[in-house]
1. Can you give me the long-range amide H partners of Val476? Hydrogens built in the peptide plane at 1.01 Å from N, cutoff under 5 Å, separation of 5 or more residues or another chain.
2. Run the numbers for Arg429 and Glu355: contour at 0.36 nm per residue of separation, minus the present Cα-Cα distance, in nm.
3. Please compute the net charge surrounding Gly314, taking Lys and Arg as +1 and Asp and Glu as -1 over other residues with Cβ under 12 Å from its Cβ.
4. Once both labels are modelled 7 Å past Cα along the beta-carbon direction, what's the Ser175-Ser219 spacing in nm?
5. Relative to the present Cα-Cα distance, how much length would full extension add between Arg450 and Lys51 at 0.36 nm per residue of separation?
6. Of the heavy-atom accessible surface of region 256-557 (probe 1.4 angstrom), what whole percent is carbon and sulfur?
7. Counting only residues 5 or more places away or on other chains, whose amide H sits under 5 Å from the amide H of Ala295 once H atoms are built in the peptide plane?
8. Taking 22 Å as R0, compute the FRET efficiency from the Cβ-Cβ separation of Ser517 and Glu226 and round it to 0.05.
Amino acid sequence: MGGVEDDEPASKRLKLASGRLTGLSNGSSLTEPIVGSRDLMARPPQSEGDKDVLGSKGVIKRVEFVRIIAKALHSLGYKKSCAHLEEESGIPLHSSAVDLFMQQVLNGNWDESVVTLHNIGLKDENIVKSACFLILEQKFFELLDRDNIVDALKTLRTEIAPLCINNGRICELSSCIVSSTHCNSVGSSNQDNGRIKPRSKLLEELQKLLPPTVIIPESRLEHLVEQALTLQRDACFFHNSLDKEMSLYSDHQCGRDQIPSRILQILEAHSDEVWFLQFSHNGKYLASSSNDRSAIIWEIDVNGGVSLKHRLSGHQKPVSSVSWSPDDHQLLTCGVEEVVRRWDVSSGECLQVYEKVGLGLVSCGWFPDGKWIFSGINDKSICMWELDGKEVECWKGQKTLKISDLEITSDGKQIISMCRPTAILLLDREAKAERVIEEDQTITSFSLSRDNRFLLVNLLNQEIHLWSIDGNIRLVAKYKGHRRTRFVIRSCFGGLEQAFIACGSEDSQVYIWHRGSGDLVEALPGHSGAVNCVSWNPANPYMLASASDDRTIRIWGLNSLHVKHKSAHSNGTHYCNGGT
């Protein structure tokens with residue numbers, strides 16, 4: 001909805017300087033590893049009579065498979081079934097020595113359990129010592145609990161100390177002999193109530209410490225199944241449904257019908273180009289802003305129908321952006337180098353106007369607690385106000401541009417803005433530190449992911465870059481295919497767990513990419529002018545909105561819908577697409 005930084009006032013029609021455009025690519029810039037070669041080259045062919053392995057790949061060992069099933073049966077409480085499986089297969093869940101060891105631990109036969117531990121056949125002496133330490137520490141605390149101070153001290157001196165490990169813990173145990181009060185604070189590790197952990201808890205700790213070949217970890221089968229489902233989900237190109245809908249009965253694969261690709265409503269209340277739109281955090285409202293100098297709050301009903309709630313008038317210049325308060329009860333609107341207005345969502349009343357004499361405001365946003373608002377100024381500074389309009393702080397210098405998005409992380413620590421045409425500033429308010437994302441091309445817009453870990457950056461050269469800003473800044477992926485030659489075009493994260501990237505385009509289409517692979521999923525026709533902005537409903541992964549120069553907003557949903565009657569307040573035909 002406008003050009004990049006320029007000495008002239010910002011304008012929707014301001015052209016962006018660019019070189020000759022290269023050919024477009026709808027593919028990903030990411031490379032994928034070659035798989036399968038190791039299978040063919042490294043594994044000898046499996047003989048038909050091989051009883052030691054299972055499955056078509058020959059990688060599942062029969063003994064391990066049976067033991068894991070037996071462990072799952074035992075954990076589910078099917079102990080008789082577990083015993084029958086062991087008997088019929090001839091494969092024991094545990095060796096007799098391990099079974100004896102586990103029973104000794106549960107019975108509190110500490111000395112015998114230490115002897116049995118040494119007879120299990122563990123090769124790593126450090127593991128043996130650590131396991132002995134846990135057992136003898138439990139013995140120590142149980143002796144203290146029975147006020148048997150002499151035997152507890154003897155155990156510490158003659159059994160625990162000679163292990164020569166964890167000297168800090170030994171000092172803590174020594175203090176327990178002197179002070180019972182201190183002993184209560186030290187206690188045995190991972191303890192909720194009292195200083196003695198249940199013996200079953202001790203056994204769990206020992207199971208985690210010992211090799212899985214000796215004692216199979218708890219929930220191992222569940223972990224393997226969850227891992228397989230997660231890999232199927234992550235590999236699913238169109239995955240946009242809740243995980244609870246996945247089944248073990250068949251491999252998981254979503255169809256294209258999971259992506260919002262059908263126009264459900266056309267909203268025609270603006271009288272000029274629609275530049276910006278954004279769903280509320282709870283997904284119950286949509287706000288849009290336009291070159292017609294107004295903003296509109298739209299309400300979404302339980303069936304997904306969108307209707308006009310309030311038209312917000314008062315700006316003397318086109319409205320470039322909007323920002324929802326953290327609780328969605330209020331809305332900020334920003335005029336082009338003008339003022340920021342704060343509105344009550346319920347009544348549509350203007351509550352406050354924020355301005356600086358002789359200067360224009362160019363962007364707006366909320367602090368996470370909802371007590372302050374902030375804005376970029378056309379003198380390249382960023383200012384913060386209390387809700388009543390009192391200016392609290394101002395960061396001067398090269399902090400923002402006349403045309404720049406503005407974001408703040410959910411912890412309130414980092415303010416993000418374009419500080420130069422090719423750079424994005426990450427300003428740490430508390431540490432007074434600055435980090436910068438440097439691009440080779442002019443930046444036109446950006447958006448922050450819901451988890452504050454990624455930044456989506458639109459560039460002059462018709463690319464969208466995904467940057468990780470969690471820790472060291474690094475480029476993660478690139479998305480190509482949309483058209484942008486003159487105007488500011490905005491993109492967004494969206495879908496279930498924000499697994500997709502959506503963007504407008506000057507060819508009147510909405511583009512959707514798979515975030516992980518970078519592959520183009522959909523190019524949605526429908527608008528008759530440049531699509532300036534898109535927003536994906538955070539509460540409904542099947543609802544997408546787009547704003548265009550054709551003066552309309554289009555609501556996109558799934559294809560498998562039922563047509564409903566035309567509503568008098570919907571500004572178009574309404575199709576049922578589920579609630580938000």
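1. For Val476, whose amide H was placed from the backbone, the distant partners under 5 Å are Leu466, Trp467, Ser468.
2. This chain segment gains 24.4 nm when fully extended.
3. Cβ neighbours under 12 Å give a net charge of +3.
4. Result for the modelled spin labels: 3.3 nm.
5. That works out to 138.6 nm of additional length.
6. 43
7. Leu312
8. That pair, Ser517 with Glu226, gives E of 0.50.
The values are calculated or read from the model by the stated rules, or taken from the named source; none is laboratory data. Just so it is clear, the structure is predicted and the values come from calculations on it, not from any experiment. Positions of Cβ are backbone-derived with ideal geometry, glycine not excepted, and every protein chain shown enters the neighbour counts. Only protein heavy atoms, including side chains, enter the accessible area calculation; ligands, DNA and RNA are left aside. Shrake-Rupley method; radii C 1.70, N 1.55, O 1.52, S 1.80 Å.
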